[in-house]
Structures are given as structure tokens and as C-alpha cells.
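Peer 1: This is the structure I want to talk about, given as C-alpha cells.
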Amino acid sequence: MDKFETTEISVVVVANSNNPTILNPDFLRINYIVPENWELAKPPICVEPMAEVAYKNNVRITAQLDRVMFHENFMTGQVNTSNIKKLSSQYIKTIPHVNYKAVGINFAGHIGIKNLYNFSPESVIKQGDWLKFGDRDVQTALTFKYSIDSSMCSLSIDRNLIKQNDQEIPIIIFRANFHRNIETDNQKEKLEIINNYLDKVDGDYSIFLALVENIFLGKEAQNAQ
């Protein structure tokens, strides 16, 4: 954990009157949304108003009344965006009649605090009494909002602990959400817009890395390489 690691990528498609009950392993396999050789990590969940199917390769698909979510976790630092793009695109193609309203593309990652010399969430805040109030050191969580490539990008920075070799390791977590609305009622145009947004996953990921590693961590990220 001596350098920044991406741990999660997800795509969230917001919708009105989505039907979670259609989500099950057979539906995903028959419609070629997931490959036939993917193995379930646990029994599927279908408890109205939510359904979830999780696979052993750390991919899971969750459906609710107002959204469908495609997640992938990465344990080795080897990030590949192709699964999420293919899953979400094929799912929308299979169920085109839903009233989709927006697309969110999300990334999360962390770096161990012990590897940081100059950066902390508090370091980007002007010094003042607001950082001295209370009985202990202030624990700061920050959110920045940027307008980038037709999206509203929200980047949050927070602290947390993770377990590693039976030890709790303090980390700083970076999370980004690239939100894009679908501004049309024409169903054909909606699908074209969604596919266009899904094509931006790689570009959004590059922006996320540049924002975290080059702007916030700066020399910290370079020293870790």
C-alpha cells in the first residue's frame, strides 16, 4: 500500500419504475450480459424492492426500483474497466424500455497514511480555529465538485482503517462520481446517450487518476513509484 491503488469501479444507471425482480443469474446468462463460465460467489438475493447477483470474480449487479448498479472490486491493483462497460451496455440493450434518467460512473481508491509526508485532508484547508476546536485532532472529510466533460464530478476525501495481516492500517480514501443526466424523453435517443456516457468510463478513470495522483498527491505519488 505504498502507492495509490484503485479498489472499485462502478456504473449506476438511474431510472424510473425499474423492475428489480427480473435480475437473476439465468436472465443475465441467457441474455449474454455475463459469460456462461462466471461462477456465483453466493446465492442470489431477491427481496423486493432489491435484487443482487454476485460473482467470484468480484463483480456484482444490483437492481432497485430507481436504479441498476454494476460494481467491480479489485484486490491486486490490476484495474480493468472492460467488464463494467460490457455488463452495463448489454444490460441496457436488453432492457431498453425503462425510463432511464442519468448515468453515474464511480471510482474509489486509497493510499496508506504512513506513506504520505505532505498530504492530508487538513493540508488543503486554510489554517484557523476550525482546525483546533475540540479535545482531539480534527478529522476532516472533504468534497470537491468539478464540471468536467459534460459531467458533474464529485471527489470526496476521507480517512478510514483497513485490516491487513491482522493489523488495522490507516488510509486516505478518494472517491469520485461522474454524474451525467439524460435530457430527452425520446427512447431511442436515451439509449444512444447512455452508450455515449458508458464509452466515457476509460476517460473518466484517467481523469480520476490525474486528479488524485497529480493534483492532490503530487510528489507523494511520484515518490512511491
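No lab work stands behind these numbers, since they all come straight from the coordinates. Computed from a predicted structure; not experimentally measured. Glycine also receives a Cβ, built like all others from the backbone with ideal geometry; neighbour counts cover every protein chain displayed.
Peer 1: May I ask you to order 192-199, 173-180 by the average number of other C-beta atoms within 10 Å around their residues, highest value first?
Peer 2: So the peptides 192-199, 173-180, ranked by packing, come out 173-180, 192-199.
Peer 1: Can you tell me the length gained on complete extension of the stretch Asp149 to Phe133, counting 0.36 nm per residue apart and subtracting the Cα distance?
Peer 2: Extra length from Asp149 to Phe133 when fully extended: 1.9 nm.
Peer 1: Per-residue HN-Hα couplings for region 17-34, Karplus 6.51 cos²θ - 1.76 cosθ + 1.60 at θ = phi - 60°, whole Hz, x for Gly and Pro?
Peer 2: 6, 6, 10, x, 5, 7, 7, 7, x, 5, 4, 5, 6, 4, 8, 6, 7, 10
Peer 1: Still on this model: Relative contact order (percent) for region 5-224, with alpha-carbon contacts under 8 angstrom and 6 or more residues of separation? If you can, show how the numbers build up before the last one.
Peer 2: Working: 380 pairs, mean separation 47.0, N = 220.
Dividing the mean separation by the residue count of region 5-224 yields 21 percent.
Peer 1: On the principal axes of its Cα set, how long, how wide and how thick is region 5-224? Give whole Å, largest value first.
Peer 2: For region 5-224, the Cα spread along each principal axis is 55, 42, 34 Å.
Peer 1: Taking the Cα centre of region 5-224 as the origin, how large is its charge dipole in debye, to the nearest 20, when only Lys and Arg (+1) and Asp and Glu (-1) carry charge on their Cβ atoms? Kindly include the intermediate steps, with their values, before the conclusion.
Peer 2: Details: 22 positive and 26 negative charges, 17 e Å.
I would put it at about 80 debye.
Peer 1: Lys188 versus Lys101, label points 7 Å from Cα toward the beta carbon: distance in nm?
Peer 2: The answer from the label model is 2.6 nm.
Peer 1: Taking amide hydrogens as modeled 1.01 Å from N in the peptide plane, which residues meet the under 5 Å criterion relative to Asn31, leaving out close sequence neighbours?
Peer 2: Hits under the 5 Å cutoff: none.
Peer 1: How much length is gained on full extension from Asp158 to Arg29, taking 0.36 nm per residue of separation minus their Cα-Cα distance? Please list the in-between numbers first.
Peer 2: Details: separation 129, 0.36 × 129 = 46.44 nm, distance 3.78 nm.
Here the segment from Asp158 to Arg29 would lengthen by 42.7 nm.
Peer 1: Separate question: Determine which aspartates and glutamates satisfy two conditions relative to Lys145: a Cα distance under 18 Å, and not lying fewer than 8 residues away in the same chain.
Peer 2: Excluding near neighbours in sequence, the set is Glu122, Asp158, Asp204, Glu213.
Peer 1: Here's something else I'd like to know. Compute the acute angle (0 to 90°) between the alpha-carbon long axis of helix 82-94 and the principal axis of greatest extent of the alpha-carbon atoms of the chain; round to the nearest 10°.
Peer 2: Relative to the chain, helix 82-94 is tipped by roughly 30 degrees.
Peer 1: Moving on. First check a/c for region 1-111, with a ≥ b ≥ c the square roots of the eigenvalues of its C-alpha gyration tensor; if it is under 1.5, answer rounded, and if not, answer prolate when a/b is larger than b/c or oblate otherwise.
Peer 2: Prolate, because a/c is 1.5 or more and a/b exceeds b/c.
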